[in-house]
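Before any comments, here is the structure.
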Amino acid sequence: MNINFTLNGKGMELDVDPMALALDVIRGLSLTGTKEGCGVGVCGACTIMVNGSPVSSCICLVGTLVDKDVWTIEGLAEKMPELIDSFVEHEGMQCGICTPGQIVAAASIDSVGASSPEEVKKYMAGNLCRCTGYQTILSAVEDHVAVN
Amino acid sequence: MSERRIDAVAKATGAAKYTADVVLDGMAHVAVNRSDFPSALIVKIDTSVAEKVEGVLGVFTAKDLPVAVNLYGRRVFDVPILVNERVRRVGDPVAAVVATTREIAEAAAELIEVTYKEMPAITTAHEALESNAQLIHDRPWEYKGAVVTPETGRNIQSLETHGSREAAEAALRSAVHIIDETYTTPGDHQGYIEPQACIADYSADGSLRVWATNKSPYRLRDVLSSVFGLDPKRVEVMPTILGGDFGGKGAPGEVPLCTALSILTGRPIKMVLRYSEDLLSTDGRHASEIRVRLGIDNEGKLVGGIAEALLDGGAYAGFKPVNTVNLHGIVDAAIAYRIPEFFVESKIVYTNNQPKGHMRAPGSPQAAFAFESAIDELGRRSGIGPIKIREINLLSEGDVNPYGDTWLEYRGKEVLSLATSQPNILDIPKGWLYGEGVALYARSMAAVPKTSLRLLRGQGGKVIAEVPIPENGAGGQTVVREMIRSGLGLNSDQIEVKQVSTSLLPTDAGVGGSRVSLGVTVAVADAIKLWKEMPPDQDAVEVTTNEGSDGPSGAYSAQLARVAVDPATGQLKVLEIISAVDVAEIVNSKAHQMQIDGGTVMGFGFGVMEDLLEDAGQPWALSMGEFKLPNVADIPKLSTVLLHGGKGVGPNNIKAVGELTNCPTGAAIANAVADATGVRIRQLPVKAEAIYWAMKEGGTK
Amino acid sequence: MQSTDTEFLIPTSVSEALRNIAKEDAIFLGGGTSTALLYKTRMIEPARVVWLGNVGELKGMFASPTEVKIGSMVTMAEIAADREIARLLPGVSSAAGVIGNARVRAMATLGGALAHADPRQDLPPALIAVDAKVSVRGGSSSREINLSDFYEGFLETVLAPDELITEVTIPIIPNRHSSYLRYTPTSEGDYPTVGAGASLTFNGDGKSISTAKLALCGVGAVPIVSSEANLVLAGTTGDDSVLRRAADMVREAVDPQDDERGSADYKRDMAVVFAYRALKACLVS
Ligand SMILES: Cc1cc2nc3c(=O)[nH]c(=O)nc-3n(C[C@H](O)[C@H](O)[C@H](O)COP(=O)(O)OP(=O)(O)OC[C@H]3O[C@@H](n4cnc5c(N)ncnc54)[C@H](O)[C@@H]3O)c2cc1C
Ligand code: FES
Ligand code: FES
């Protein structure tokens, strides 16, 4: 089936199985910044942005992306360099496997309008990190929220 | 001021390539059919349906493997690549499907029909020891690398003791107060977010290239060359980035299987575990049951102690890398204290559970939970108090520890006093019970491991450092850059640090035991020295360091947990964990702090939520839906106080920090719960439900 | 990838969707969060998937003084963010705001959240406590079902395979206060051990209770509705001892199972505690 959507700002027309997972389709396009962790919607390593909201690409059937505006870490890195800088400056990472998901989640935070530290925590609670203890990630996201 | 990490931009932009991101031409994918039974004989494997699935390139069983002996391991070679006759755990690999896509391979693997004849299963460590227990392995002493003999006892993987049981028992008989309690912890998983993955690419000319989520490339190379009879020079483990390790990525994992399949099919073979498969089939933390007996005299001084640990090693011993095939954290349980007569036994048994391996400070989180709970109980019951009893018994200058060593310095009392003297600015939920608990951990500084490294002249005055090991997130490569930067007076952008394949450097012992920074720093310091003396016509220096040690020393951490408990439900909120950490110099302060925070959060997870739910021979927590890891909303306030001025080791005068703060947390929390509620929880994770029922029954601290 | 033979249809109207579903093994798809999980683990292999994402009719959310209507394709995040719903139906608002994580909330739809019928789900008790009705359209007929009568068993509802949830209607009753509380002792990112939705409607005097509603999740194969709570509370002023007595009635109504979120005995006790707290929250709200 032909599926049209915008990916990182560019129109896309793909001939794919609509029942394929967005994660696999995106990674199949060599956009490997989107990671597979838990595969069940819990960890957030596979987070992509769909119409401004965070989505688990590991449980997202690609057919549901028809006509949507989809962003991955690769596109957001170019579109939101300050957010990347914020994670780099705060060292919001160690092994880095969760990092693209954390950043895509942070980029989508306006979708829920989280602004207080408690709201930021509640919102970011869906993105697990096993390495950092979260403090540097929180600082990076809070900076981003404060600037926006 | 520390400069930003070397890998930050690549990781933040998604450009960093991990093993699962590697794609080779002609690559095929593999999925494994795994045993559903903890213990059974394979009667028949019918692969005919799976073979016919479109896209399937081949279905393979143990009979097809191109090996003389179908076994591998890190030290003991007792793990089958594919099981031939007898499965010994749920998740044992029985057959492998190679297909053009991962999804086809997975779907076809489910179509393999395996007929089993069930055997009795041993699903607890206690059952394994019964005199009539089924033998999990008939002759375990015959495995390559085995440390047991026919006399060691039934179903034993490893047995280590230290001290004299008789002397310790005699000392306990003379004690005025005694504690004798048993503490248990469940099977756990490292919880790295990147599931294990690998690619093996064998060429007809006898060379093999491997990409793997493996922290010990040189060990992996050696295991592969030994299993497949390949020339080690022709086995090349390629550089990669690790998406977290925490001890779980040292074993060969699925690399032997993928290598075999690559040999058989002539294609590069890729396998990326689903997380559920990773939870089922890798090598997590041993479940433990530790009985601790401690006795004090009427001044509160410890006169003797015994710690007996029974650990569930699961179906194979092959995931433990050290010579003893044991967990030194167990034996080291009393390392911070002055105990004239101390006996410890660490017994690891085979069962039909998942095999277990190393996880961040192997054995220590279990031992610290048991020992630091016991001493706390003894302090409370004797009326001396939990802090005082530690102060009385912590080692101080000139003391000999229970293992006969005299450390350069003992800083237990100082970290304890720092952790317990921080202001409390918490809001305690109304109507909840509040309590505080402390726990302490000391870790001997591991010997400096063998490693090697090369510095090269690059373009435009650049210096390229080639290192042998993958970056696991701890920041080892950034440390290398920082040392070169200051050692050679360069700017960061004039230095490139990169991992190279195993063919390009002589050796490395692998990441682990907080040794990365240490081993590498020794090598970098040596290399910088050589570089400065390098004649202008030379382009590179290469160093190989030998195993060494800077004299017996160690590092300490003490944690204070502040908790609140809802008396109506038993719900536990850990409000704050204060970590007081013993440090010398700090090379990169942000990375250092993240080791402290990340460790504390992992200790918190072990303390209150992580559990593979192993029961009846099967882990039931098979996805992150059930295997819960702490998220940012779950975690307490993390506070750190550093005890500066310690005597470090190595050229940078550092103390290892990566395995300090994940160890005492469970005990600190349980001790705080006892303080708040009066009930003692001796089983991790500390569950609201356990507190609730214990409070209903009414308990004693 | 795994099977290329599942048809994927994207209707743009309810009537088209109903025509599309008339096929053996056809299913509706909302946000797809639970369907994708089942599909990727090969638990379901539908012949046809009818995705409702482009059916504009199902995306409305309206609040009037007498009722709130929420279309079945409205997401959890949209419900949680809506100010009117937060004001009129705080329990529903907070239940929608705690489900899973931000990504699940962004994707999961009201229709999917109700039809999935996992008894641990948060939204059903919150909605049952405020008398939600489910509007359903089938090929030839349409009907309204009280949400309290909607569940038949674990992952089972009264819906026929070709019936579509179009919207949920919640009556707005003056002097009614509602709440939803969940208990997640292990991790906030977990399904609840127990969740309790409650409402208390007061008489004109503002003090005496005319009707009480109480529903629970996590403690049975379906959401548990406690009709006894109303018997105990109606006509009283909701004194603490009466609230406790009403809450205690759920002990008999629930039928929990032992699992990793608690033993059956513990869940039963927690059901009582959270029933009480949810009722109490209606007094102060
Ligand atoms: C990681 C994770 C965590 C979760 N945590 C929680 C939690 O804490 N609390 C909680 O309550 N839930 C939780 N859930 C479950 C979640 O609520 C459901 O997955 C979600 O609500 C389903 O909605 P959907 O729109 O994605 O459904 P879909 O997957 O699209 O559909 C689910 C079912 O409903 C049917 N369906 C969908 N729309 C309609 C319609 N309009 N008419 C008729 N049938 C329809 C589908 O055919 C399918 O059978 C969690 C889920 C995940 C993945
Ligand atoms: S991989 Fe998608 S949420 Fe974990
Ligand atoms: S940086 Fe490793 S999981 Fe977050």
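The values are calculated or read from the model by the stated rules, or taken from the named source; none is laboratory data. Keep in mind that what you see is a predicted model, and the values were worked out from it rather than measured. All Cβ positions, glycine included, derive from the backbone under ideal geometry; neighbour counts span all protein chains shown. Side chains included, ligands, DNA and RNA excluded: accessible areas come from the protein's heavy atoms. Shrake-Rupley method; radii C 1.70, N 1.55, O 1.52, S 1.80 Å.
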Q: Output yes when any residue across the range A:15-28 is open to solvent by 20 Å² or more (accessible area, probe 1.4 Å), more than 15 Å from ligand 2 (Cβ to nearest atom) and within 19 Å of B:A15 (Cβ to Cβ), and no when none is.
A: yes
Q) Mind checking whether some residue in the range B:669-686 is within 13 Å of chain C (Cβ to nearest Cβ) and open to solvent by 30 Å² or more (accessible area, probe 1.4 Å)? A) no
Q) Can you find even one residue in the range B:547-560 that is part of a helix (DSSP H, G or I), more than 14 Å from chain A (Cβ to nearest Cβ) and closer than 30 Å to B:P449 by Cβ? A) no
Q: For the range B:406-488, please list each of the strands (runs of 3 or more DSSP E) lying entirely inside it that holds at least 2 residues being open to solvent by less than 20 Å² (accessible area, probe 1.4 Å) and not assigned by TED's automatic domain parsing to the domain that holds B:T521.
A: B:433-444
Q | Matching strands (runs of 3 or more DSSP E) fully within the range A:11-119 where at least 2 residues are touching a Ser or Thr at 6+ places or on another chain (Cβ under 6 Å) and within 16 Å of ligand 1 (Cβ to nearest atom) | A | A:53-56
Q: Output the number of the condition that B:T152 fails; it satisfies all remaining conditions of (1) in contact with a Gly (Cβ under 6 Å, 6 or more places away or on another chain); (2) part of a loop (DSSP other than H, G, I, E, B); (3) β-branched (V, I, T).
A: (1)
Q: Please state which one of B:G304, B:G329 is under 19 Å from B:A168 (Cβ atoms), away from every other protein chain (no Cβ under 14 Å) and either free of Cβ contacts under 8 Å to residues at least 24 places away in the same chain or open to solvent by less than 20 Å² (accessible area, probe 1.4 Å) (or both).
A: B:G304
Q | Every residue from the range B:585-619 that is open to solvent by 20 Å² or more (accessible area, probe 1.4 Å) and within 7 Å of another protein chain (Cβ to nearest Cβ) | A | B:K590, B:L613
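Residues checked against (1) at pLDDT 95 or above; (2) buried (at least 22 other Cβ atoms within 10 Å of the Cβ); (3) of a type in the set (D, E, K, R):
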{"residue": "C:E144", "(1), (2), (3)": "yes, no, yes"}
{"residue": "C:S148", "(1), (2), (3)": "yes, no, no"}
{"residue": "C:Y151", "(1), (2), (3)": "yes, yes, no"}
{"residue": "C:L159", "(1), (2), (3)": "yes, no, no"}
{"residue": "C:L164", "(1), (2), (3)": "yes, yes, no"}
{"residue": "C:P174", "(1), (2), (3)": "no, no, no"}
{"residue": "C:E188", "(1), (2), (3)": "no, no, yes"}
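For the range A:55-78, name all the residues that are within 24 Å of B:I241 (Cβ to Cβ) and either within 14 Å of ligand 2 (Cβ to nearest atom) or polar (S, T, N, Q) (or both).
Residues satisfying the conditions are A:S56, A:S57, A:C58, A:T72, A:I73.
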Q | Qualifying strands (runs of 3 or more DSSP E) (wholly inside the range B:17-124; at least 1 residues being farther than 18 Å from B:I199 by Cα, open to solvent by less than 10 Å² (accessible area, probe 1.4 Å) and in contact with a helix residue (DSSP H, G or I) (Cβ under 9 Å, 6 or more places away or on another chain)) | A | B:93-99
Q | Single condition C:I27 does not satisfy, out of (1) more than 9 Å from every other protein chain (Cβ to nearest Cβ); (2) assigned to a loop (DSSP other than H, G, I, E, B) | A | (2)
Q) Residues in the range C:206-215: is at least one under 19 Å from C:D122 (Cα atoms), open to solvent by 20 Å² or more (accessible area, probe 1.4 Å), in contact (Cβ under 8 Å) with a residue 40 or more places away in the chain and assigned to a loop (DSSP other than H, G, I, E, B)? A) no
Q) Which condition number in (1) at the interface with another protein chain (Cβ under 9 Å from one of its Cβ atoms); (2) under 17 Å from C:V104 (Cα atoms); (3) more than 15 Å from the chain's Cα centre (by Cα) is the one that A:D67 fails? A) (2)
**Q.** Failed criterion for C:V104 (all others in (1) closer than 20 Å to C:N146 by Cβ; (2) surrounded by 20 or more Cβ atoms within 10 Å (Cβ to Cβ); (3) touching a Ser or Thr at 6+ places or on another chain (Cβ under 8 Å) hold)
**A.** (1)
Q) Taking helices (runs of 4 or more DSSP H) that do not extend beyond the range C:220-264, which have at least 1 residues that are surrounded by fewer than 20 Cβ atoms within 10 Å (Cβ to Cβ), modelled with pLDDT of 95 or more and not assigned by TED's automatic domain parsing to the domain that holds C:T193? A) none
Q. Does A:Q135 meet the test of being more than 15 Å from the chain's Cα centre (by Cα), among the polar types (S, T, N, Q) and within 12 Å of chain B (Cβ to nearest Cβ)?
A. yes
Q: Go through the range A:13-53 and give me each residue that's within 16 Å of ligand 3 (Cβ to nearest atom), of a type in the set (V, I, T) and either touching a His at 6+ places or on another chain (Cβ under 8 Å) or under 20 Å from B:Q196 (Cβ atoms) (or both).
A: A:T34, A:V42
Q: Keeping to the range C:35-44, report how many residues are within 15 Å of ligand 2 (Cβ to nearest atom) and surrounded by fewer than 23 Cβ atoms within 10 Å (Cβ to Cβ).
A: 2
Q: Would you point out which residue out of B:D222, B:D205, B:D180 is in a helix (DSSP H, G or I), open to solvent by 20 Å² or more (accessible area, probe 1.4 Å) and more than 14 Å from chain A (Cβ to nearest Cβ)?
A: B:D222
Q) Do we have any residue at all in the range B:523-543 that's in the same structural domain as B:T478 (by TED's automatic domain parsing) and under 23 Å from the mean Cα position of the chain (by Cα)? A) no
Q.
So for the range B:607-621 (the condition being in a loop (DSSP other than H, G, I, E, B), without any contact (Cβ under 8 Å) to a residue 60 or more places away in the chain and at negative phi), does at least one residue qualify?
A. yes
Q.
Please list, ordered by residue number, the strands (runs of 3 or more DSSP E) wholly in the range C:76-162 having 1 or more residues that are of a type in the set (D, E) and either more than 14 Å from chain A (Cβ to nearest Cβ) or touching a residue at least 60 places away in the same chain (Cβ under 8 Å) (or both).
A. C:142-146, C:151-153
Q: May I ask you to verify whether A:S57 is in contact with a helix residue (DSSP H, G or I) (Cβ under 8 Å, 6 or more places away or on another chain), modelled with pLDDT of 95 or more, away from ligand 3 (no atom under 16 Å from the Cβ) and under 22 Å from B:L629 (Cβ atoms)?
A: yes
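Report whether or not A:A146 is more than 8 Å from every other protein chain (Cβ to nearest Cβ) and either buried (at least 24 other Cβ atoms within 10 Å of the Cβ) or more than 25 Å from B:D597 (Cβ to Cβ) (or both).
no
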Q. What pairs can you find where one residue is in the range A:71-93 and at the interface with chain B (Cβ under 7 Å from one of its Cβ atoms) and farther than 19 Å from A:S30 by Cβ, the other is of a type in the set (F, W, Y) and part of a helix (DSSP H, G or I), and their Cβ atoms are less than 7 Å apart, with a gap of 6+ or different chains?
A. A:M93/A:F87
